[in-house]
Amino acid sequence: MTDRIENSEKHEALEEKIHQQGQARRTHISELLDTMRDEYKDLLNEAQDLLNNHEGIRWEELDMIRRLSQYGEGLHAVGKAYSAINPVGCNNS
């Protein structure tokens, strides 16, 4: 009986530790996601302004568009990471 109580207490302690660390990571990723989202919007606006002020698209501009797309892919990956960690940091009451 004592082993069962001890295991139950260890289980609860570990669940609480997982919750606390999940909550901390969720906050960190949420802040990163907000920052990257704002940066991406600014970069996108700058790229659109640059492209709208030129006739035709040169190779350098195509390369810039590719890198901006890669930044967007990174932003998407951070969003997926947030979605994955979010339930861990939520209350399970």
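Condition (residue is of a type in the set (S, T, Y), more than 27 Å from the chain's Cα centre (by Cα) and surrounded by fewer than 11 Cβ atoms within 10 Å (Cβ to Cβ)) applied to the stretch 5-21: is it met by at least one residue? Yes, there is a match, as at least one residue in the stretch 5-21 is of a type in the set (S, T, Y), more than 27 Å from the chain's Cα centre (by Cα) and surrounded by fewer than 11 Cβ atoms within 10 Å (Cβ to Cβ).
Residues checked against (1) in contact with a Cys (Cβ under 8 Å, 6 or more places away or on another chain); (2) of a type outside the set (S, T, N, Q); (3) at pLDDT below 90:
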{"site": "D3", "(1), (2), (3)": "no, yes, yes"}
{"site": "K17", "(1), (2), (3)": "no, yes, no"}
{"site": "D34", "(1), (2), (3)": "no, yes, no"}
{"site": "D38", "(1), (2), (3)": "no, yes, no"}
{"site": "N45", "(1), (2), (3)": "no, no, no"}
{"site": "H54", "(1), (2), (3)": "no, yes, yes"}
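Selection within the stretch 38-93: residues that are of a type in the set (S, T, N, Q), under 23 Å from the mean Cα position of the chain (by Cα) and in a helix (DSSP H, G or I). The member of this set that is nearest to R25 (Cα to Cα) is N86.
The values are calculated or read from the model by the stated rules, or taken from the named source; none is laboratory data. All values derive from a computational prediction rather than experimental measurement. Cβ coordinates were reconstructed from backbone atoms using ideal geometry, including for glycine residues, and neighbour counts include every protein chain displayed.
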